[in-house]
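The values are calculated or read from the model by the stated rules, or taken from the named source; none is laboratory data. Not measured: the values here are computed from a predicted model. Note that we place each Cβ from the backbone using ideal geometry, even for glycine, and neighbour counts take in every protein chain shown. Please note that ligands, DNA and RNA were not included when accessible areas were found on the heavy atoms of the full protein model with its side chains. Shrake-Rupley method; radii C 1.70, N 1.55, O 1.52, S 1.80 Å.
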Amino acid sequence: MKLREALKLDSSGIAKLKDELRAKVDNSLLNAFISLDEAGDGVPIAIKDNIQVKGWSVTAGSKILQGYISPYNATVIDKLKGAGLCAFGRTNMDEFAMGSTTESSYYGKTLNPHDNSCVPGGSSGGSAAAVASGEAIAALGSDTGGSIRQPAAYCGIVGMKPTYGRVSRYGLGAYASSLDQIGPMTQDVEDAALLYDIISGYDQNDSTSADVEYESVVDKLDGNRVLNIGITPSHLENAAPQIQKAYKKAVKALKDAGHNIVECTLLDPKYDISAYYITATAEATTNLARYDGVRYGRRAESDTLEQLYINSRSEGFGDEVKRRILLGNFVLSSGYYDAYYIKAQKVRRVIKDEYAKLFEKVDLILSPVAPTTAPKFGALSDPLQMYLSDIYTIGVNLAGLPAISLPVNKDEDTLPIGLQLIAAPYDEQTLFDGALSLERALETL
Amino acid sequence: MRVDDELLSRLEKLSMLKIDESERTECIEQLDKIVSFVQNLSSLDTDGVDEVFAMNQSATALRLDEPRSSSDIADDILKNAPLSEDSFFIVPKIIE
C-alpha cells in the first residue's frame, strides 16, 4: 500500500494496516527494525533510531545510549502527528549514522531484501530495507553524506534529501550539524513529495532552519515540465559498468520525455571526499563530546571522574565512531587546524560555488548514487574504501543541495540500481517534477 | 604528515578515549591512510577563498530574551540518568 492510499484509510483501516505490518515485522529475518515501538494513532511511519520520539529509547544504533529515554518529540514527529501520521517502529542504522552499510549498529546487521548476502546500505539501512520489503509503507531517514539516498538506491526505493535548512533538525541526534538533514524514504516519487511536504518548514527550535516561505510541492507536481538536465560523463569513470549502463538508460528516458540534456563537468570528486571527511569528523567529535556517561545513556562505573568519561566512551562507542572522533580531534587540533579544517572549509566553498554556477544553466543534474550495487557483507571493512564509496553523494551535502535517489535499473544479479537528481537550493519543486518525469519515462522504456 | 603512536596517544587524550593495546597498530595504520588521502586538498589552489564557511550567509536568528523551559524534560532526563538525586547527577568524588 502506498502512503497516499494509507492516508485515505479510516481508523479501522489504519488499525488493520498496523496489524499487517506487525505480522510482517514479526516474521521477518531482515532486522530492519530494532523494536516496534508505537506512538499514538495515525498512518504508521518507520523512524530511524536517531530521531527523538517521546518515551522511546532512541539510541542512534549505539551501545552508549542504552538506557536513554527520549524526553521530547523531534519537530518532524510532531509534524507527522499533526498530519494524521504516527511514529511506528525504530529502524536500524549505522552507529551515530557513521557508515555506509548498517553493519556498525549495536543491534547487528540488517539484510538487503533483494539479496540477503548483501548490505542494505547505510546509514539509514533499516528504513530502506523496511520500505523495500513492505514492512513499512514509508520511513524517515537522515542524510549527512548520502545516508538516505545510498540505502534507497541499494534497496530499490525512493530516498530524498531536502535542502539544508528545509527540515528542522530539532530532535535529530547530531552527527555533523552543517550537513545533517532528515528526509523521506518511500515507494515512489509522489509519496516522497507527500511526506516531504509534511515534515518541511521553518522551525524556531532549529537555529539553522531556513526562515523562508514554504510552498507545498505535492499539489503542484508536474511530470510534464521540460527541463534542462545536466549530465557529467567524466564523473562516470569511477562507476561500475552496470551503473554506467543504468545511467545511459536514464539519459535516454529523459531525452525521450523531451528534456534537454546538457553536458557538464564538476570538480574531481576525490576532493569532495576529503572536504567531507574533514568537516564531518570535526563536527562529529564536537557533537559526540556530550556522551560522557554522566547525564544519559550507559555509564561504565569507575573510581575517578576522568576514568568514568574514558571508560564510558571507550566501552560505549564502536570502532568507526572512535575513528571519526580521533580524526575530528586531529583536524581540529593546534598545528593541524589550518592545513586540514580551514582548508576543507575553503574547498567546501569552491564546491558550493561550482554547483551554483552549474545551476545557472541547468535545472537538474543526473548523477550516480554509488559506484556499485549493494556490496556483500564485509566487503567495505577497510574504512578508507568505505569512505571512497560515498564519492557521488557527499558533494550534495557539502553544498547543502536537495537531491532524490530513485530506482532505475537492476544488475544481472537483480540488485537494484538507483540514480539521483540534484537541484539548486530550495528548488524542491523542480527536483520532484524531474524525478516524477524520469520515473514515468522509465516505466514506458 | 604521518600518524604514529605518539600522535595517537595525544588524540586519545583529546578524545577521552582509550584504544585497546591489541588494536593500536591497526588503528594507526587506518588513521594514517585516511590522513594521507585527505592531503590531496593541498593540490587545490584556494588562495583568496574566504575561510569562513556557513551554509546560510545571514546572521543567526535572534529572538526576544524570554526564558523558555520545560521542566518535564529536565525531570525525565534526571529520572533516566545513570545516577541522580534531586536535581543533581552523581559522579565519583572529585575533591579529596
Subject >> Neighbours by Cβ (under 9 Å, 6+ apart or cross-chain): first from region B:1-17, without any contact (Cβ under 8 Å) to a residue 12 or more places away in the chain; second among the charged types (D, E, K, R) and outside any loop (DSSP other than H, G, I, E, B) >> reply: B:15/A:313; B:15/A:322; B:16/A:306; B:16/A:313; B:17/A:313; B:17/A:322
**OP:** Go through region B:2-18 and give me each residue that's in contact with an Asp or Glu (Cβ under 7 Å, 6 or more places away or on another chain) and more than 9 Å from chain A (Cβ to nearest Cβ).
**Re:** B:2
**OP:** Go through the residues of region A:215-235 one by one and say whether even a single one is within 14 Å of chain B (Cβ to nearest Cβ), assigned to a loop (DSSP other than H, G, I, E, B), free of Cβ contacts under 8 Å to residues at least 40 places away in the same chain and over 20 Å from the mean Cα position of the chain (by Cα).
**Re:** no
Original post:
Of the residues in region B:41-72, how many are surrounded by fewer than 14 Cβ atoms within 10 Å (Cβ to Cβ) and not small (Gly, Ala, Ser)?
Top reply: 15
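So that you can scan it fast, the table gives a plain yes or no per residue for (1) at the interface with another protein chain (Cβ under 9 Å from one of its Cβ atoms); (2) surrounded by 19 or more Cβ atoms within 10 Å (Cβ to Cβ); (3) of a type in the set (A, V, I, L, M); (4) touching a residue at least 60 places away in the same chain (Cβ under 8 Å):
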| residue | (1), (2), (3), (4) |
| --- | --- |
| A:271 | yes, yes, no, yes |
| A:274 | yes, yes, no, yes |
| A:277 | yes, yes, no, yes |
| A:280 | no, yes, yes, yes |
| A:285 | yes, yes, no, no |
| A:303 | yes, no, no, no |
Original post:
If we keep just the residues of region A:4-42 that are of a type in the set (Asp, Glu) and either in a loop (DSSP other than H, G, I, E, B) or farther than 21 Å from residue A:57 by Cβ (or both), which is most open to solvent (accessible area, probe 1.4 Å)?
Top reply: A:41
Original post:
For residue B:37, all conditions in the list (1) at the interface with another protein chain (Cβ under 7 Å from one of its Cβ atoms); (2) within 30 Å of residue A:68 (Cβ to Cβ); (3) touching a helix residue (DSSP H, G or I) at 6+ places or on another chain (Cβ under 7 Å) hold save one; what is the number of the exception?
Top reply: (2)
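Which one of A:319, A:338, A:363 is within 22 Å of residue B:36 (Cβ to Cβ) and in contact (Cβ under 8 Å) with a residue 60 or more places away in the chain? Spell out the reasoning first.
Working: A:338 fails: in contact (Cβ under 8 Å) with a residue 60 or more places away in the chain; A:363 fails: within 22 Å of residue B:36 (Cβ to Cβ).
Selected residue: A:319, the only one of A:319, A:338, A:363 that is within 22 Å of residue B:36 (Cβ to Cβ) and in contact (Cβ under 8 Å) with a residue 60 or more places away in the chain.
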Original post:
So residue A:56 clears everything in (1) closer than 20 Å to residue A:142 by Cα; (2) open to solvent by 30 Å² or more (accessible area, probe 1.4 Å); (3) within 14 Å of chain B (Cβ to nearest Cβ); (4) not small (Gly, Ala, Ser) except one condition, right? Which one?
Top reply: (2)
**OP:** Test residue B:31 against the criterion of being open to solvent by less than 30 Å² (accessible area, probe 1.4 Å), within 8 Å of chain A (Cβ to nearest Cβ) and in a helix (DSSP H, G or I), and give yes or no.
**Re:** yes
**OP:** For residue A:242, work out the one condition from (1) open to solvent by 30 Å² or more (accessible area, probe 1.4 Å); (2) among the polar types (S, T, N, Q); (3) within 9 Å of chain B (Cβ to nearest Cβ) it doesn't fulfil.
**Re:** (3)
Subject >> Single condition residue A:367 does not satisfy, out of (1) within 21 Å of residue A:418 (Cβ to Cβ); (2) at the interface with chain B (Cβ under 10 Å from one of its Cβ atoms); (3) polar (S, T, N, Q) >> reply: (2)
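May I ask you to list the residues in region A:287-301 that are open to solvent by 40 Å² or more (accessible area, probe 1.4 Å) and hydrophobic (A, V, I, L, M, F, W, C)? Give the steps one after another, and end with the answer.
Of the residues in region A:287-301, the ones open to solvent by 40 Å² or more (accessible area, probe 1.4 Å) are A:289-290, A:295-296, A:298, A:301.
Across region A:287-301, the qualifying residue is only A:289.
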Subject >> Residue list for region A:403-445, restricted to those being in contact with a Cys (Cβ under 7 Å, 6 or more places away or on another chain) and in a strand (DSSP E or B) >> reply: A:416
**OP:** Return only the number of the condition from (1) among the small types (Gly, Ala, Ser); (2) without any contact (Cβ under 8 Å) to a residue 12 or more places away in the chain; (3) under 18 Å from residue A:121 (Cα atoms) that residue A:152 does not satisfy.
**Re:** (2)
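Of the residues that sit in region A:373-391 and are open to solvent by 10 Å² or more (accessible area, probe 1.4 Å) and touching a helix residue (DSSP H, G or I) at 6+ places or on another chain (Cβ under 7 Å), which one is nearest to the other protein chains (Cβ to nearest Cβ)?
So the first thing to find is which residues in region A:373-391 are open to solvent by 10 Å² or more (accessible area, probe 1.4 Å), and the list is A:373, A:375-382, A:384-386, A:388-391.
Filter again for touching a helix residue (DSSP H, G or I) at 6+ places or on another chain (Cβ under 7 Å), leaving A:373, A:380, A:384, A:388, A:390-391.
Details: A:373: 24, A:380: 13, A:384: 5, A:388: 8, A:390: 13, A:391: 12 Å.
For region A:373-391, the residue satisfying everything is A:384.
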**OP:** Please identify the pairs in which a residue from region A:429-440 that is touching a residue at least 24 places away in the same chain (Cβ under 8 Å) has its Cβ atom under 6 Å from the Cβ atom of a residue that is charged (D, E, K, R), counting only partners at least 6 apart or on another chain.
**Re:** A:430/A:363; A:433/A:222; A:433/A:225
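Can you confirm whether region B:73-80 contains a residue that is open to solvent by 60 Å² or more (accessible area, probe 1.4 Å) and more than 9 Å from chain A (Cβ to nearest Cβ)?
We begin by selecting, within region B:73-80, every residue open to solvent by 60 Å² or more (accessible area, probe 1.4 Å); these are B:75, B:79.
Cutting the leftovers down to more than 9 Å from chain A (Cβ to nearest Cβ) gives us none.
Within region B:73-80, none of the residues are open to solvent by 60 Å² or more (accessible area, probe 1.4 Å) and more than 9 Å from chain A (Cβ to nearest Cβ).
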Original post:
Can you name every residue in region B:9-28 that is assigned to a helix (DSSP H, G or I) and not acidic (Asp, Glu)?
Top reply: B:9, B:10, B:11, B:13, B:14, B:15, B:22, B:24, B:25, B:27, B:28
Original post:
Among the helices (runs of 4 or more DSSP H) contained in region A:61-179, which hold 3 or more residues that are open to solvent by 30 Å² or more (accessible area, probe 1.4 Å)?
Top reply: A:75-82
Subject >> Residue selected from region A:305-339 under the condition under 30 Å from residue B:41 (Cα atoms) and more than 9 Å from chain B (Cβ to nearest Cβ), by the criterion surrounded by the fewest Cβ atoms within 10 Å (Cβ to Cβ) >> reply: A:334
